[in-house]
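To start, the structure under review is shown below, and the notes come after it.
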Amino acid sequence: MEKGYTASITGIGSFLPKKVLTNDDLTKMLDTTDEWITKRTGIKERRIVENGVTASDLAIEASLRALDDANVLPSEVDLIVAATITPDCLVPSTACFLQDKIGASNAGAFDILAACAGFVYALSIAKSFVASGAMKTVLVVGTECLSKITDYTDRSTCILFGDGAGAVVVQRGNGRREIITTHLGSDGSQAELLMLPAGGSKLPTSHETIESRSHYIRLKGKELFKVAINNMVDVITKTVAENNMKIEDIDLIIPHQSNIRIIEAAMDRLKLPREKAYINIDRFGNTSSASIPIAIDEIDKGGMLNTGDSVLLVAFGGGLTWSSSIIKW
Ligand code: UT7
């Protein structure tokens, strides 16, 4: 636990591309139905970028909105941490493209890759830099163009994913939206449950990798599903206990939007009313590292929380990785 300063979220923003891909649209491309997708995932539609739009492009508007909300100029940002599994390219980082595009002329910039748990990983980095006194203003972004790594011939995965971005500004505590704790975990022995096999040093891009469609994300949905529920229950329970709180002390849970059945099953196991978990998967699908900051922005702009409410963020994804955070609103 760092000594020094407290860290607060002082600005929040998000950006979703305009183009909507509905379940009905997918039924024209694949052997599927709106009923199957809705029942098995809770998703009705997702947003998709136009050709040529990148993860850093989505991050621009989300970041500028968060900076404006915090009343901070881009030149005042000390560090940009971008969580993404769909970087503009492998090198340089998406954070560097964003740094240039928003004119954050005094900022360091790097990406982190922790899949769907990535935003809270990035938030924990921001909290640590601010709490130690090393930095005053950190921009944290979750941004994804998942449509670019989705195989639209694979009906068991392509129904899940959407594009979008969310951002927060983290600064020294101002008594509001204080980041009380962050918790991170991983289990690399289960890496094969969610993987994009080609394009790295293990399997460089080649004609063969393209032919075998190994440049698209693959997941073992059924196995992941079970692990995800157990993990969510476990992480929420431990996070609350480590902060000497009771589960009833949490006013709202903001889970990564992976599948409504995962979230509802976890809430049932925790004996919590389902309404205690924020849901927007019906409109945006799974946007990986962008899902939690997009939800935070909706909740904030919708005035759904009161000052002093305890909010628990919880995420799980490829790696495997998981993360959680408690924020005092
Ligand atoms: O964000 C990171 C974490 N992500 C996750 O944790 C995702 C976890 N997994 C899931 O959300 C679910 O496993 C999926 C939504 C991916 C799949 O749902 P499921 O209930 O596990 O379905 P399934 O893969 O067991 O497939 C059941 C049946 C199969 O047919 P048979 O073999 O029973 O005849 C599939 O072929 O449903 C079939 N199916 C479909 N049918 C219509 C699979 N996809 C579709 C589809 N439309 N889109």
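The values are calculated or read from the model by the stated rules, or taken from the named source; none is laboratory data. Remember, predicted model here, so these are calculated numbers, not experimental data. Methodologically, a virtual Cβ is constructed for each residue, glycine included, from the backbone with ideal geometry; neighbour enumeration extends over all protein chains shown. The area values use the complete protein model at the heavy-atom level, side chains included, leaving out ligands, DNA and RNA. Shrake-Rupley method; radii C 1.70, N 1.55, O 1.52, S 1.80 Å.
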For Pro255, only one of the following conditions fails: (1) within 10 Å of the ligand (Cβ to nearest atom); (2) buried (at least 24 other Cβ atoms within 10 Å of the Cβ); (3) not aliphatic (A, V, I, L, M). What is its number? (1)
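Grab the strands (runs of 3 or more DSSP E) fully contained in segment 93-198, keeping just those with 1 or more residues being within 16 Å of the ligand (Cβ to nearest atom), in the same structural domain as Asn71 (by TED's automatic domain parsing) and among the hydrophobic types (A, V, I, L, M, F, W, C). Reasoning before the result, please.
Details: elements: 108-112, 137-145, 163-172, 178-186.
Of the strands (runs of 3 or more DSSP E) lying wholly inside segment 93-198, those with at least 1 residues that are within 16 Å of the ligand (Cβ to nearest atom), in the same structural domain as Asn71 (by TED's automatic domain parsing) and among the hydrophobic types (A, V, I, L, M, F, W, C) span 137-145.
Got at least one residue in segment 19-29 being assigned to a loop (DSSP other than H, G, I, E, B), surrounded by fewer than 18 Cβ atoms within 10 Å (Cβ to Cβ) and either in contact with a Ser or Thr (Cβ under 6 Å, 6 or more places away or on another chain) or in contact (Cβ under 8 Å) with a residue 12 or more places away in the chain (or both)? Break it down into steps so the answer makes sense when it comes.
Initially, segment 19-29 is screened for residues assigned to a loop (DSSP other than H, G, I, E, B), giving 19, 28-29.
Retained after the next criterion (residues that are surrounded by fewer than 18 Cβ atoms within 10 Å (Cβ to Cβ)): 19, 28-29.
Now drop any that are not either in contact with a Ser or Thr (Cβ under 6 Å, 6 or more places away or on another chain) or in contact (Cβ under 8 Å) with a residue 12 or more places away in the chain (or both), which leaves 19, 29.
Yes, segment 19-29 contains a residue that is assigned to a loop (DSSP other than H, G, I, E, B), surrounded by fewer than 18 Cβ atoms within 10 Å (Cβ to Cβ) and either in contact with a Ser or Thr (Cβ under 6 Å, 6 or more places away or on another chain) or in contact (Cβ under 8 Å) with a residue 12 or more places away in the chain (or both).
Quick one: which of Leu90, Leu98, Leu67, Leu73 is within 12 Å of Leu139 (Cβ to Cβ) and surrounded by fewer than 16 Cβ atoms within 10 Å (Cβ to Cβ)? Even if it seems obvious, please write down each step before you answer.
Values: Leu90 fails: within 12 Å of Leu139 (Cβ to Cβ); Leu98 fails: surrounded by fewer than 16 Cβ atoms within 10 Å (Cβ to Cβ); Leu67 fails: surrounded by fewer than 16 Cβ atoms within 10 Å (Cβ to Cβ).
None of the others qualify; the one that does is Leu73.
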Kindly list the number of the only condition in (1) surrounded by fewer than 24 Cβ atoms within 10 Å (Cβ to Cβ); (2) touching a helix residue (DSSP H, G or I) at 6+ places or on another chain (Cβ under 7 Å) that fails for Thr143. (1)
Segment 199-250, residues that are within 16 Å of the ligand (Cβ to nearest atom) and open to solvent by less than 30 Å² (accessible area, probe 1.4 Å): Ile217, Leu224, Ala228, Ile229, Asn231, Met232, Val233, Val235, Ile236
Scanning segment 312-326 for residues that are surrounded by fewer than 24 Cβ atoms within 10 Å (Cβ to Cβ) and not small (Gly, Ala, Ser), the one farthest from the ligand (Cβ to nearest atom) turns out to be Ile326
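With respect to Leu305, determine if the residue is open to solvent by 10 Å² or more (accessible area, probe 1.4 Å) and either farther than 15 Å from Asp234 by Cβ or in a helix (DSSP H, G or I) (or both). Write out each step before concluding.
Working: open to solvent by 10 Å² or more (accessible area, probe 1.4 Å): yes; either farther than 15 Å from Asp234 by Cβ or in a helix (DSSP H, G or I) (or both): yes.
Spelling it out, Leu305 is indeed open to solvent by 10 Å² or more (accessible area, probe 1.4 Å) and either farther than 15 Å from Asp234 by Cβ or in a helix (DSSP H, G or I) (or both).
Return yes or no: is Ile85 open to solvent by less than 20 Å² (accessible area, probe 1.4 Å) and on the phi < 0 side of the Ramachandran plot? Can you show your working first?
Values: open to solvent by less than 20 Å² (accessible area, probe 1.4 Å): no; on the phi < 0 side of the Ramachandran plot: yes.
Here the answer is no, as Ile85 does not meet what is asked.
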